[in-house]
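In what follows, a structure is listed as structure tokens, so that the remarks can point back to it.
The values are calculated or read from the model by the stated rules, or taken from the named source; none is laboratory data. Only a predicted model underlies this, so the values are computations on that prediction, with no experimental measurement involved. Cβ coordinates were reconstructed from backbone atoms using ideal geometry, including for glycine residues, and neighbour counts include every protein chain displayed.
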Amino acid sequence: MIDQVRLYVAAGVLAPWYYILELHREPTIRHARRFAYRWETKGGVFKLLTNGPRAPTSPLLNKAEFEAFCRERALPTPVVLAIVSPHGIELRAPETELRSDLFVKPVNGRGGKGAQRWDFRAGQYFSVEGEAVAWEELIERMQRGARLSSLIVQRRITNHQDLRELANGALSTVRILTCLDERGPQPIAAIARMAIGQNRTVDNLHCGGIAAAVDLQSGQLGRASNLGLDPTLGWITRHPDTHAQITGTILPMWEAALSLALRAHRSFADRALVGWDIALTADGPVIVEGNGAPDLDIVQRFYRRGLMDGSFAKSLCVQLERTFQPNSRAA
């Protein structure tokens, strides 16, 4: 408790991040200041970059607009089949294409909240709990669920067969963090996310998933854990449900996934920083989403080091200078 109070006063460390970043292992002020905290990033630098005089206009938050933007630039992403609102359904593909496994999520959703998975079998749609509904009832349910935010309907994609046992039935994605510097977009870090337990819909850590750091050079996974607020799991080398090996596993098509993230950032070049959620499928890597204000706690926890000592912090400083002093040398 004394360490927490001291680190809060000296470095702004709030109690949850004391555990998320495992600062109890080295509770020094110098070590704590190596990390970027949410109040500094989401509540500070990211807001300045996205709301400043050179605010980005490329679409990341609206998932329907994001999909269209990616399609125009030949960036592989799941096709939006329909958009559902309380007023009805707007088909963007023939209705026959909706007779397939579907993934439904809010147009402006975050953190995996509100996501639904429906598997199509024998003319009906089955939820992950095994409930069967007809097409008409599914539309009615989606319309009720769209009262607060419209929903997009996509064909559900699945992982490459080498990753199926790590996915737990959900789609496992890799979060690849890229940041602009004077050379263009550069990879900063990457983590592989996996669902566990009864969650077979999303792999998001805020929905109870786990993750492991990815070595940027080789695509090899490190040890996995959750967000660190539940001490019962700790750090593991195998998936807790399927017992598939995590640590040491090399992701398939890793070079292609990394290349796709960098190519995507060049298309979103008005963004200083993007967290790309990329699924590794049998047909190659696919961009599921892009995040303009990604959670850095997640990356720092699984790499077990802060981001403020390296090139990442310098790149953010360059982007801030470019944003507020467009005629400076940084521009």
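One residue alone among Leu171, Leu221, Leu166 is more than 13 Å from the chain's Cα centre (by Cα), over 24 Å from Tyr19 (Cα atoms) and crowded, with 16+ Cβ neighbours inside 10 Å, and that residue is Leu166.
Report, by residue number, each residue of the stretch 202-241 that is closer than 19 Å to Leu280 by Cα and not in a strand (DSSP E or B). Val202, Asp203, Asn204, Leu205, Gly209, Asp215, Leu216, Gln217, Ser218, Gly219, His239, listed by residue number. Taking the stretch 65-91, which residues are over 16 Å from Glu140 (Cβ atoms) and among the hydroxyl-bearing types (Ser, Thr, Tyr)? Result: Thr77, single match. Within the stretch 225-266, the residues that satisfy the criterion of being free of Cβ contacts under 8 Å to residues at least 40 places away in the same chain and small (Gly, Ala, Ser) are Gly234, Gly248, Ala256, Ser259.
Across the stretch 4-26, not a single residue is classified as in the same structural domain as Leu180 (by TED's automatic domain parsing), under 26 Å from Asn226 (Cβ atoms) and either at pLDDT 95 or above or among the acidic types (Asp, Glu) (or both).
Within the stretch 37-79, if we keep just the residues that are touching a Leu at 6+ places or on another chain (Cβ under 9 Å) and of a type in the set (Gly, Ala, Ser), the residue that is surrounded by the most Cβ atoms within 10 Å (Cβ to Cβ) turns out to be Gly52. Out of all the residues in the stretch 143-156, which are surrounded by fewer than 21 Cβ atoms within 10 Å (Cβ to Cβ), within 16 Å of Ala82 (Cβ to Cβ) and of a type outside the set (S, T, N, Q)? Within the stretch 143-156, Arg144, Gly145, Arg155, Arg156 qualify. Looking for something over 30 Å from Gln154 (Cα atoms) and in contact with a helix residue (DSSP H, G or I) (Cβ under 6 Å, 6 or more places away or on another chain) - is there at least one such residue anywhere in the stretch 80-90? So far as the stretch 80-90 goes, no, none of its residues is over 30 Å from Gln154 (Cα atoms) and in contact with a helix residue (DSSP H, G or I) (Cβ under 6 Å, 6 or more places away or on another chain). Candidates are the residues of the stretch 230-263 that are crowded, with 23+ Cβ neighbours inside 10 Å and among the small types (Gly, Ala, Ser); the one that is nearest to Ala192 (Cα to Cα) is Ala257.
Close Cβ contacts (under 7 Å, 6 or more residues apart or on different chains) running from residues in the stretch 207-219 that are on the phi > 0 side of the Ramachandran plot to residues that are in a strand (DSSP E or B) and surrounded by fewer than 17 Cβ atoms within 10 Å (Cβ to Cβ) comprise Gly219/Ile250. The set of residues from the stretch 249-270 being charged (D, E, K, R) and modelled with pLDDT of 95 or more comprises Glu255, Arg263, Arg266. Does any residue of the stretch 119-140 turn out to be within 30 Å of Ile250 (Cβ to Cβ), surrounded by 16 or more Cβ atoms within 10 Å (Cβ to Cβ) and β-branched (Val, Ile, Thr)? No, the stretch 119-140 contains no residue that is within 30 Å of Ile250 (Cβ to Cβ), surrounded by 16 or more Cβ atoms within 10 Å (Cβ to Cβ) and β-branched (Val, Ile, Thr). Each residue in the stretch 256-309 was checked for being closer than 19 Å to Ser58 by Cβ and part of a loop (DSSP other than H, G, I, E, B), and 8 of them qualify. Gly88 passes every criterion in (1) under 24 Å from Gln300 (Cβ atoms); (2) in the same structural domain as Ile139 (by TED's automatic domain parsing); (3) of a type outside the set (Phe, Trp, Tyr) apart from (1).
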